[in-house]
Amino acid sequence: GRHDEAKRVLESLEAPRSEDLLPRRDLAAGRRALADGDAGEAGRRLESAAARADALGLRALSAAAHASLADAWEARAMEGLAERHRREARERWERCAADLDPALLDAFWAHPARARAARPAPATGARELQLERLLALHRGLVSTTDEREVLRRGLDAAIELTGAERGFLIVRDGDRLEVPVARNLDRERIGRSHLKFSRSIAERVMETGELVVTVDARSDDRFREHASVHAMKLRSVIAAPIPSPEGAAGALYLDNRFLRDRFREVDRDLLRAFADHLGIALRNARLVSQLEARTAELEAERARVVRRSEDQASQIERLETELAQRRGPSRRYGAMIADAPAMQPVLHVLDRVVASPLSVLVQGESGTGKELIARAAHDEGPRAEGPFVTVNCAALPDALLESELFGHVRGAFTGADRDHEGLMVSAEGGTLFLDEIGETSLTMQAKLLRALEERRVRPVGGSASRAVDFRLVCATNRELSDEVAAGRFREDLYYRVGVVTLRLPPLRERLEDLPALCREILARASEELDRPPARLTAAAVRRLLAEPWPGNVRQLQNVLRRAAVLTASDVIDVEHLALGDATARPPVSRRERDAREKARMLEALAATDWNVTAAAARASMSRATFYRKLKRHGIR
């Protein structure tokens, strides 16, 4: 009780040179701090003493540390923690008692420190503590789905719950009893030479499905005749069935060869409840194992199917190539490949109009091949020997477009140093192709309409007109009927240029043509690169088929030409295509493009304080084009 002197002595101690003195010093310091009321310091020193004693195998010293920790927690009204450390102390003293002569056990347990630690906790606190322990152990069980780990954790938890000296987890394998996991109190694995337990008790539990507990197995009438019970000198035994829908899946078998009546009523209730949890966890683990095995089988089968599919795709691709070589090129008009069902209506109409003089309007998204249709109408018609003249209406401002189409005389405007006959005259006897006619201004549309109606052109600055004879083919990525309704395209010109209208489907609607298009594009690329034609793998073809292709055939051509240049071999695979997410770029409608263009122009105007010249430069447009688009979008 001389705490001050004890403190002085402890503080004056040098670091002990022997390891077994370290836990003794911590125990003394912890008890001194506990006497001073410093619970935090007492807890730290006593925990250190217990851990070091366990590491050195000093069971009695560890038990003393845990008993003092129980006192510390009890002083702070932490009854649950106090009971846990009291139980830890009791278990270590029981392991000490296991080595004693039975005649000395009563004296051993009569020691005041051990008697205090051995007393049960209050009933209510003990029940709550046991339920908390049961829930914690249940969480440990359900945190894994490995069957072997479930068995190991289950047995360790059962030993912890009951404080048994030994434990065996027994399962039935046909007519035999197998022990996949066995432990002693220290959770050390029991070797095969020590796998000694009462099979009669285990079989009784598994047959009846009832828990078996005995105070002293050697004197129990139920097992008096069993030789194994006497041979192993069994005393306390408790065994609980592990339930399953098909009957007992196994048994938790726990015993103590030295103490009578080791297992109390609370141990029986806890073990019975825990065995039910273990049965559920074991069944779940087995179901997961079966599911994983089945999944592995399905994955293996899927891999085989994928390999067969790829082999079949390669074979189909090879056969298609051979068939194409035998039957000649796909049905074409000029350089256009058009085997897809979506292209057949276009070809059907084109068949009927190529020989006629009617004007043709080709509508479709950008990159769908409108110019190829126009050239096909020229090459397959009666004017094939005449010129095929092309002009992009969107690329020229009105004044320059008028001069290009109708011509001009010398001196008509600054820079006109000679006469120019114009593209309409140049197309005499052939075909005039007006690309992106929907981009022309209303003023230009009026002049174009007059020339088409009269079939005569008067050059800019000239006084005389000249008769012209050509076939007109126009193209646009706009829906001209909508442009007419919006007042951006003259209705009379629409009827003049759209006598026959061909609507080209986008590439995503004619994917049947994609393999042939790929072969054609790669063949042309190989000629330009002076190397053998590259070949697409089946995976690359599938990836191309999954792409939305907002840029249509022009985008496909760009992707394949880039891949042909960048690949080091003659095989193009998915990684060479440089494509993003197949669903990330949905096609954009013309209305959406117009809205974006208008927003971009307004942003440029706002940034330049509505200076048109500066705004046109900011929007990367010519001043004339910017003015024309201002009118089309209704920006004033």
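The values are calculated or read from the model by the stated rules, or taken from the named source; none is laboratory data. A quick note: this is a predicted structure, and the numbers were derived from the prediction, not measured. Please note: Cβ atoms are built from the backbone with ideal geometry, for glycine as well, and neighbour counts cover all protein chains shown. Just so you know, the surface numbers come from the protein's heavy atoms only, side chains and all, with ligands and any DNA or RNA stripped out. Shrake-Rupley method; radii C 1.70, N 1.55, O 1.52, S 1.80 Å.
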Query - Residue in the stretch 390-401 that is free of Cβ contacts under 8 Å to residues at least 12 places away in the same chain, surrounded by fewer than 20 Cβ atoms within 10 Å (Cβ to Cβ) and among the hydroxyl-bearing types (Ser, Thr, Tyr) present - result: no
Report summary line: Per the list (1) surrounded by fewer than 19 Cβ atoms within 10 Å (Cβ to Cβ); (2) within 49 Å of the chain's Cα centre (by Cα); (3) within 17 Å of LEU361 (Cα to Cα), residue check on GLU491 breaks on (2)
Query raised in the report: open to solvent by less than 10 Å² (accessible area, probe 1.4 Å) and either of a type outside the set (D, E, K, R) or at positive phi (or both) - does that describe any residue in the stretch 457-466?
Result: yes
Requested in this report: Would you please name the residue that is nearest to ALA89 (Cα to Cα), looking only at residues in the stretch 12-32 that are of a type in the set (A, V, I, L, M) and at pLDDT 85 or above?
Outcome: LEU27
Query raised in the report: Hey, does the stretch 488-510 have a residue that's farther than 25 Å from THR390 by Cβ and free of Cβ contacts under 8 Å to residues at least 24 places away in the same chain?
Result: yes
Report task. Could you tell me which residue of the stretch 425-444 is most open to solvent (accessible area, probe 1.4 Å), considering only residues that are assigned to a loop (DSSP other than H, G, I, E, B) and more than 15 Å from ALA376 (Cα to Cα)? Result -> GLU428
Query raised in the report: What are the residue pairs meeting all of these: first residue in the stretch 423-440, first residue touching a residue at least 12 places away in the same chain (Cβ under 8 Å), second residue open to solvent by less than 10 Å² (accessible area, probe 1.4 Å) and among the small types (Gly, Ala, Ser), Cβ atoms under 6 Å, and 6 or more apart or on different chains?
Result: PHE433/ALA374; ASP435/ALA475
Report task. Scan (1) closer than 30 Å to SER236 by Cα; (2) touching a residue at least 40 places away in the same chain (Cβ under 8 Å); (3) not aliphatic (A, V, I, L, M) for the single condition PRO23 breaks and write down its number. Result -> (1)
Query raised in the report: Residues in the stretch 405-422: is at least one open to solvent by 10 Å² or more (accessible area, probe 1.4 Å) and touching a helix residue (DSSP H, G or I) at 6+ places or on another chain (Cβ under 6 Å)?
Result: no
Query - Test: VAL574 is open to solvent by 40 Å² or more (accessible area, probe 1.4 Å), in contact (Cβ under 8 Å) with a residue 24 or more places away in the chain and β-branched (Val, Ile, Thr) - result: yes
Requested in this report: For residues that are assigned to a loop (DSSP other than H, G, I, E, B), without any contact (Cβ under 8 Å) to a residue 24 or more places away in the chain and over 19 Å from ASP26 (Cα atoms), tally how many sit in the stretch 51-105.
Outcome: 5
Query raised in the report: Could you list, in sequence order, the residues of the stretch 18-71 that are open to solvent by less than 50 Å² (accessible area, probe 1.4 Å), of a type outside the set (A, V, I, L, M) and under 22 Å from ALA97 (Cα atoms)?
Result: PRO23, SER62, HIS66, SER68
Query raised in the report: Which residue out of GLY191, GLY163, GLY174 is closer than 30 Å to GLY57 by Cβ, modelled with pLDDT under 80, of a type outside the set (Val, Ile, Thr) and surrounded by fewer than 17 Cβ atoms within 10 Å (Cβ to Cβ)?
Result: GLY191
**Report entry** Pairs, first free of Cβ contacts under 8 Å to residues at least 12 places away in the same chain in the stretch 453-481, second buried (at least 19 other Cβ atoms within 10 Å of the Cβ) and outside any loop (DSSP other than H, G, I, E, B), C-beta under 8 Å, six or more apart
**Finding:** SER465/VAL457
Query - Near pairs, Cβ below 8 angstrom, 6+ apart or cross-chain, from the stretch 608-621 (free of Cβ contacts under 8 Å to residues at least 60 places away in the same chain and closer than 17 Å to ARG636 by Cβ) to any residue that is open to solvent by less than 40 Å² (accessible area, probe 1.4 Å) and outside any helix (DSSP H, G or I) - result: ALA615/THR608
Requested in this report: Tally the residues that are over 15 Å from ARG503 (Cβ atoms) and part of a loop (DSSP other than H, G, I, E, B), restricting the search to the stretch 343-366.
Outcome: 6
Query raised in the report: In the list ARG562, ARG593, ARG531, ARG519, which residue meets the criterion of being open to solvent by 50 Å² or more (accessible area, probe 1.4 Å) and under 30 Å from ARG623 (Cβ atoms)?
Result: ARG593
Query raised in the report: Is it true that some residue in the stretch 423-433 is modelled with pLDDT under 90 and of a type in the set (Phe, Trp, Tyr)?
Result: no
Report summary line: The condition from (1) under 59 Å from the mean Cα position of the chain (by Cα); (2) assigned to a helix (DSSP H, G or I) that ALA6 misses is numbered (1)
Report task. Within the stretch 357-394, work out how many residues are in contact with a strand residue (DSSP E or B) (Cβ under 8 Å, 6 or more places away or on another chain) and either of a type in the set (A, V, I, L, M) or closer than 22 Å to LYS629 by Cα (or both). Result -> 16
Query raised in the report: Taking the stretch 104-160 as the search range and keeping residues that are within 26 Å of ARG183 (Cα to Cα) and among the hydroxyl-bearing types (Ser, Thr, Tyr), which one is modelled with the lowest pLDDT?
Result: SER143
